[in-house]
Structure formats: C-alpha cells, structure tokens
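Quick notes on the structure that follows.
The values are calculated or read from the model by the stated rules, or taken from the named source; none is laboratory data. Since the structure is predicted, the reported quantities are computational estimates derived from the model, not experimental observations. Every residue, glycine as well, gets a Cβ built from its backbone with ideal geometry; the counts of neighbours run over all protein chains shown.
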Amino acid sequence: MESRSRQYVCRENRFFLDNMTKGDSWRMFRIMAEFVDGFDTLSNLNMPAVTIYGSARIKEDHPDYLLAKDIAARLSELGYAIITGGGPGVMEAGNRGASEVGGLSIGLNVDLPHEQSSNEYVNLPLDFRYFFVRKVMFMKYSMAFICMPGGFGSLDELFESLTLIQTGKIKPFPIILVGSKFWSGLIDWFKEQLLQTGKIEKDDFLLFELFDDAEDVVNYIKKAVIF
C-alpha cells in the first residue's frame, strides 16, 4: 500500500514538472528575439549613452525629479544619449530632460503590472518582458551610470554593475551616486560591515563617485567619457 502511494506521488510530481517546463524551449525564442531587437536598435546609436535610474515613485515636483531632468538636459546638450528604464519618476525625468532639449531619449521599458508603457518623453522606445535582457542592454550600451535615489530596482542595477566591474566581467565605466544624504548611510555600511571585515577591498571604493550637484556630475562624465 505504501509502495503504491509513493508511485502515485511520483506520477503526480512528474505530471506537474512536465506541465511547468513544457514551454521553456519556446520561451528561449522570445528571449532571443528580445536580445536581437535590442542589439539591432542600440548598436546603431553612433553616440555615447548615459543611463539614469532611480525611483519610479516620485512626482515631477520632487527635488530628485528636477535634478535628474537637469542632468539629462545638460548631458544631451553635450551630445550624449540618455537611457532610462522608460517608466515614471526619475526615469521620466531623465527622458524629459533629454527630449526637451532635442536629445536622444531612450526608454528600455519592462512589462510590469504598474508600469505597462513608456513615458511620453521617450523618443526611442524598446519593450522587454525579461529583466535580465534589459540589464544586458543597460550594461552593453551605457558608458556611465547615474544612480539617483531609488528602491530595490535601483539598488539591483547598482550592485550588479559594481559586481561585474569588480570581478572583471565588464570594462570599468563611471558609476555616479547622486545625493549624499541618501547614499552616505549605505557607504558607511560598506566601510563598517564590508571593508572592516575583509569582504571588500579599499580599492573597491574607487568603483563609484558621490556627487550632489548637476554640474559636478556632468563635469565628471565629460572627463571620464570622451568621444
């Protein structure tokens, strides 16, 4: 009786696994299509691009929104394309700053329940279903990352870029944290919990810069990203 019960459970588990994975092979074609679309579009930029990311939850009168918009406008006027995640908040601010001065405003939008479409200031949109495909596009076609205050998504982008540079998987590029009030607590934690316990090296702090003003951000990128 016990043997029959085990056989039944095994059959049930196999049925569940078969139904769960039967679409994986076809899913690969969707993933490949997103890579091809992204590569084909972004490889033709013919200009350096800077990514700006941060919170999607702020409004247009928020200081972070206004600062991101100012930074994007200044960089666009210097000939840089602006890339964002294409959504609201800081992303919208970056696209808006670029668009309003006639710059190239790129939005790499991901399909989410609360962020279904690109903001109105994107003039080169790309839509993705998979976060990891979109991340590859950010890493491959951005010559600098500007990290405005944000939530889990922004921290995810920051830590992935730091990890890839630290481990030598990608060539180093400028990573700029904007807003000392927001980021200083995290940097202190790096020093106290990571550096002092030997989990990172002192040189790892050279992987990023911290600024508060648009002019400082733009001047740093002008020196670091030459074209």
Worksheet entry | Condition broken by Phe131, with the remaining ones in (1) touching a Ser or Thr at 6+ places or on another chain (Cβ under 8 Å); (2) surrounded by fewer than 23 Cβ atoms within 10 Å (Cβ to Cβ) satisfied | (1)
Practice prompt. For region 185-217, enumerate the residues that are of a type in the set (Gly, Ala, Ser) and under 19 Å from Phe152 (Cβ atoms).
Written response: Gly185
Discussion item. Checking the structure you have, find out if any residue of region 92-101 is in contact with a strand residue (DSSP E or B) (Cβ under 7 Å, 6 or more places away or on another chain) and in a loop (DSSP other than H, G, I, E, B).
Written reply: no
Response to the item:
Scanning region 114-159 residue by residue, those in a helix (DSSP H, G or I) and closer than 25 Å to Asn44 by Cα turn out to be Phe131, Phe132, Val133, Arg134, Lys135, Val136, Met137, Phe138, Met139, Lys140, Tyr141, Glu157
Discussion item. Please verify whether Leu162 is in a helix (DSSP H, G or I), touching a residue at least 40 places away in the same chain (Cβ under 8 Å) and farther than 17 Å from Pro63 by Cα, treating the condition exactly as stated.
Written reply: yes
Practice prompt. Go through the residues of region 135-143 one by one and say whether even a single one is crowded, with 19+ Cβ neighbours inside 10 Å, among the small types (Gly, Ala, Ser) and modelled with pLDDT under 95.
Written response: no
Practice prompt. All but one of (1) without any contact (Cβ under 8 Å) to a residue 60 or more places away in the chain; (2) assigned to a loop (DSSP other than H, G, I, E, B); (3) buried (at least 17 other Cβ atoms within 10 Å of the Cβ) hold for Leu177, so report the exception by its number.
Written response: (2)
Worksheet entry | Residue ID - modelled with the highest pLDDT, chosen from residues in region 1-35 that are exposed (fewer than 10 other Cβ atoms within 10 Å of the Cβ) and not in a helix (DSSP H, G or I) | Lys22
Worksheet item: Can you find even one residue in region 181-191 that is of a type in the set (Ser, Thr, Tyr), surrounded by 12 or more Cβ atoms within 10 Å (Cβ to Cβ) and in contact with a Leu (Cβ under 8 Å, 6 or more places away or on another chain)?
Response: yes
Item to complete: Those residues that are surrounded by 13 or more Cβ atoms within 10 Å (Cβ to Cβ) and modelled with pLDDT of 95 or more, I need them from region 213-227; list them, please.
Response: Ala214, Asp216, Val217, Val218, Asn219, Tyr220, Ile221
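Against the condition out of contact with any Phe, Trp or Tyr (no Cβ under 8 Å at 6 or more places or on another chain) and among the β-branched types (Val, Ile, Thr), how does Val218 come out, does it pass? I'd like the intermediate steps shown before the answer.
Values: out of contact with any Phe, Trp or Tyr (no Cβ under 8 Å at 6 or more places or on another chain): yes; among the β-branched types (Val, Ile, Thr): yes.
Judged against the criteria, Val218 is a match.
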Worksheet, complete the sentence: Considering region 144-155, residues that are out of contact with any Gly (no Cβ under 6 Å at 6 or more places or on another chain) and at pLDDT 95 or above, and then whichever is surrounded by the most Cβ atoms within 10 Å (Cβ to Cβ), we arrive at Ile146
Item to complete: Please indicate, with yes or no, whether at least one residue in region 36-58 is modelled with pLDDT of 60 or more, charged (D, E, K, R) and in a loop (DSSP other than H, G, I, E, B).
Response: yes
Practice prompt. Would you please name the residue that is nearest to the chain's Cα centre (by Cα), looking only at residues in region 87-118 that are surrounded by 24 or more Cβ atoms within 10 Å (Cβ to Cβ) and modelled with pLDDT under 95?
Written response: Gly87
